[in-house]
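Step one of this worksheet: look at the structure below.
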Amino acid sequence: MHNIVCNKAIDLIVPYLKERAYQHVIMIADKNTYTAAGAIVQEQCTEAGIASQVILVHPNPIGDVVADEASIVQCMLEISAKTEVLLAVGTGTIHDIVRFVGSRMMKPFISIPTAASVDGFTSAGAPLIIRGFKQTVQAIPPEAIFADTSILMNAPKRLTAAGFGDMLGKYTSLFDWKFSHLMAGEPYNSELAAETSSALEACVANIDAISRCDEEGVTILMNSLIESGLVMLKFGMSHPASGSEHHLSHYWEMEHIQHGKPQQLHGLKVGFAAIEISRLYHQFAERVASMMNTNSPMTENAELQSKLMEHWDELKLRIAGIPQPEELSAMLTLTGGSPDAMPIDKADVARGLRHAHTVRNRYTLLRFINEEVNE
Ligand SMILES: [Zn+2]
């Protein structure tokens, strides 16, 4: 994948289009992202003699632009046979719409992120909301990504905080990935896990620069988000970057959709969810320790109990490697994504922790706790 993260990356798009001999492009954006980046790209296309058309995705009745059937059909109706390539100008939602539409209309797409807000830019999965239910559909990755740091630096700060939150979620997703492998034989790749882990560590080590949204900070964050998306692409599934924290976030999102509430940013929900999952997993480790002391099993399922004991030394170490909820909360707050501002209350958290494992067919520790562990 042609993958550019730098200042003025936007000026490299038209030369790329010319090199690939694209003559007819369609840009898909929303009102804000068109202003932030789309208008400049369109002007450059016109100057270079490339025919460009713009689709501004309409917000839903409560003002959110969402990747649902209405947005998908809006785009499909406006894309003509002449269109050779789609330009996704925006954040995660615009990319999800474009990657799905592109895959079904057999048109490649180019990613032009307007904020370092999510790790899905380079992945192939499109989380879509169809009839009020969120599902991830296999689609296509972009053929190129042009992330202009001067645009990313000027994005609303909470979008950058959301990108950081999506990265923080890797602490628990990496744990769940290993857990699902050890306990249920789900596929695993330690090299890819190490790549995601080092992308996460780069963000944590540079949290001050990311909090300032300066050039160095957004560059590190964007590169980490791209890396995390590429790992999912290489693995072919979302395991490396998505565990119970994402399931919890999806659960809340579906509840909000069903109740007609406005959407919160994906990465902020994921960061918030990672705090709650961290709390639950650390409590689980304490409980295992005390049950081992009294020689009582965690579960009546003898096979799972023996697997848990067989791998407990490793699992315990990995849980210890997940920062405590207070540390995650402090990091998220520092970047501008304070958990206190999330409209998710204690009852939502408790309900989510009880049911979120059902949104995906994955063997996470959350699923184990809900389905197997003795009360
Ligand atoms: Zn995510």
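The values are calculated or read from the model by the stated rules, or taken from the named source; none is laboratory data. Everything numeric here is computed off the predicted structure, so don't read it as measured data. We place every Cβ from the backbone using ideal geometry, glycine too, and count neighbours over all the protein chains shown. Side chains included, ligands, DNA and RNA excluded: accessible areas come from the protein's heavy atoms. Shrake-Rupley method; radii C 1.70, N 1.55, O 1.52, S 1.80 Å.
Computed quantities for the displayed model
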| item | result |
| --- | --- |
| Tensor-based shape of region 158-258 (alpha-carbon gyration tensor, a/c under 1.5 rounded, otherwise prolate or oblate) | oblate |
| Kirkwood hydrodynamic radius (C-alpha pairs) into Stokes-Einstein, region 264-354, 10 °C and 1.306 mPa s, D in µm²/s | 107 |
| Distant-in-sequence amide H partners of Val65 (H built 1.01 Å from N, under 5 Å) | Asn60 |
| In sequence order, calculated HN-Hα J values of region 112-120 (Karplus, 6.51, -1.76, 1.60; Hz; x Gly/Pro) | 10, x, 9, 7, 8, 10, 6, 9, x |
| Percentage relative contact order, region 250-341, counting C-alpha pairs under 8 Å, at least six apart | 35 |
| Violating pairs (Cα-Cα greater than 32 angstrom) within the set Lys8/Lys234; Lys261/Lys307; Lys316/Lys346; Lys31/Lys261 | Lys261/Lys307 |
| Mean residue ellipticity (222 nm) of the chain, computed from DSSP H runs ≥ 4 via -39,500 (n - 2.57), nearest 500 | -17000 deg cm²/dmol |
| Hits among aspartates and glutamates - C-alpha to C-alpha of Lys107 under 17 Å, sequence gap 8 or more where chains match | Glu78, Glu84, Asp96, Glu143 |
| Cα-only radius of gyration and Dmax that characterise region 79-138, units Å | 11.5, 33 |
| Accessible area per residue, Å², region 62-139 with all protein chains present, probe 1.4 Å | 34 |
| Percent of alpha-carbon pairs separated by more than 15 Å within region 12-73 | 54 |
| Karplus-derived HN-Hα couplings along region 210-226 (A = 6.51, B = -1.76, C = 1.60, θ = phi - 60°), whole Hz, x at Gly and Pro | 5, 5, 7, 6, 7, 4, 4, x, 5, 5, 4, 4, 5, 4, 5, 5, 5 |
| Mean separation of Cα contacts under 8 Å, 6 or more apart, over the residue count of region 160-371: relative contact order % | 33 |
| Cα-projected label distance for Met105 with Arg354, points at 7 Å along beta-carbon direction, nm | 4.5 |
| Three-way shape call for the chain based on the alpha-carbon gyration tensor, with the a/c threshold at 1.5 | prolate |
| Pairwise FRET efficiency - Ala320 versus Lys157, Cβ, R0 = 56 Å, nearest 0.05 | 0.95 |
| Three-way shape label, region 299-344, alpha-carbon gyration tensor, a/c 1.5 | oblate |
| Inter-site label distance for Lys8 and Gln138 at 7 Å from Cα along Cβ, in nm | 4.2 |
| Space enclosed by the convex hull of the alpha-carbon atoms of region 2-155, per residue, Å³ | 100 |
| With every protein chain in place, the chain: carbon and sulfur % of accessible area (1.4 Å) | 53 |
| Estimated FRET transfer efficiency when R0 is 41 angstrom, pair His282-Ser150 (beta carbons, to 0.05) | 0.50 |
| Ranking by accessible area, most exposed first, for Ser190, Ser211 with a 1.4 Å probe | Ser190, Ser211 |
| Beta bridges by DSSP in region 57-185, antiparallel share as percent, to the nearest 5 | 45 |
| DSSP beta bridge pairing in the chain, given as percent antiparallel to the nearest 5 | 25 |
| Cα point-scatterer Debye curve for region 160-371, base-10 log of I(q)/I(0) at q = 0.07, 0.08, 0.09, 0.15 Å⁻¹ | -0.21, -0.27, -0.34, -0.94 |
